[in-house]
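Asks: Got a structure for you, written out below as structure tokens; questions coming shortly.
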Amino acid sequence: MPLEAPLFPVAERVAHLNARYRHHAAKAVLERALSDPAVGRIALVSSFGAESVVLLHMVSVIDRSTPVLFVDTEMLFPETLAYQAEVAAQLGLTDMRTIRARPEAVAARDPEGLLHRSDTDACCELRKVEPLERALGNFDAWITGRKRFQGGRRAALDFFEDEGGRRIKVNPLAHWAPEDVQDYMLNNRLPRHPLVSRGYPSIGCAPCTTRVAPGEDPRAGRWRDRDKAECGIHFINGRAVRGPAPEGDRT
């Protein structure tokens, strides 16, 4: 009997999926994720950042009606907003969903738009984590572009992750190297984010992203000089999740 969602626990389905597709290539993993009943209802979450076009292109080839969730924090670079519109149109994505924080929440917690200066975690929570959590409420799984070579908490990524017993997180590019990303973009003649050529190999919100010098880690420009490496959407209760969350965290 197939492990259909949501009939079976997330942890059980994740173990099954990783065992079943462990030796598959990225595109095959993505194709299976979009159709395997063990995954369930799924969306692609995309920042339309420096490397996002790879997964967006793959999805457009497999099923361009796949829901694509784009979180507009209302603090993004203008170039990112223009790039999002350009890529979505070029790839023919038919279910683009732009997600934003509720206006009343912003008015109450960040009325002057300066929260990022005093508390970057609170700003990310308000403008990215909470809106995305609401948007994912109707899905059993979501697709990310994270890769092992990005290091830190991403160094041990599997294709499928248990997001605290709530949803499955799918990382089709987990095993790709930087040259794989560049080769795919070149071979498929995909448009590049305009800020990459200006020294931004990893792109987030404008106030919290700086240029990266030659030889620096590509993500060095994200929250520079702060003890922060992730926006928070890949955490459960403030902690990175690699498997089932402790019982007390499953809320």
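Bear in mind that the values in this text are calculations on the coordinates, not laboratory data. The structure displayed is predicted, hence computed values, not measured ones. All Cβ positions, even for glycine, are placed from backbone atoms using ideal geometry, and neighbour counts span all protein chains on display.
Asks: Where in region 1-97 are the helices (runs of 4 or more DSSP H), entirely inside, with at least 1 residues that are within 18 Å of N138 (Cβ to Cβ) and acidic (D, E)?
Replies: On the way: elements: 10-21, 26-33, 53-63, 78-91.
Here the list reads 53-63.
Asks: Could you tell me which residue of region 192-207 is surrounded by the most Cβ atoms within 10 Å (Cβ to Cβ), considering only residues that are among the small types (G, A, S) and in contact (Cβ under 8 Å) with a residue 60 or more places away in the chain? Can you show your working first?
Replies: Kept after step one, since they are among the small types (G, A, S), are these residues of region 192-207: 197, 199, 202, 204, 206.
Checking which are in contact (Cβ under 8 Å) with a residue 60 or more places away in the chain leaves us with 202, 204, 206.
Numbers: S202: 19, G204: 22, A206: 16.
Within region 192-207, the match that is surrounded by the most Cβ atoms within 10 Å (Cβ to Cβ) is G204.
Asks: Out of (1) in contact (Cβ under 8 Å) with a residue 40 or more places away in the chain; (2) polar (S, T, N, Q); (3) more than 19 Å from V71 (Cβ to Cβ), the odd one out for T144 is which?
Replies: The one condition T144 does not meet is (3).
Asks: Oh, and also: Quick one: count up the residues across region 109-168 that are surrounded by fewer than 17 Cβ atoms within 10 Å (Cβ to Cβ), more than 20 Å from P9 (Cα to Cα), small (G, A, S) and out of contact with any helix residue (DSSP H, G or I) (no Cβ under 9 Å at 6 or more places or on another chain).
Replies: 3
Asks: Let me ask something else about it. For the list (1) under 19 Å from S202 (Cα atoms); (2) surrounded by fewer than 23 Cβ atoms within 10 Å (Cβ to Cβ), I need the number of the one condition that Q84 fails.
Replies: (2)
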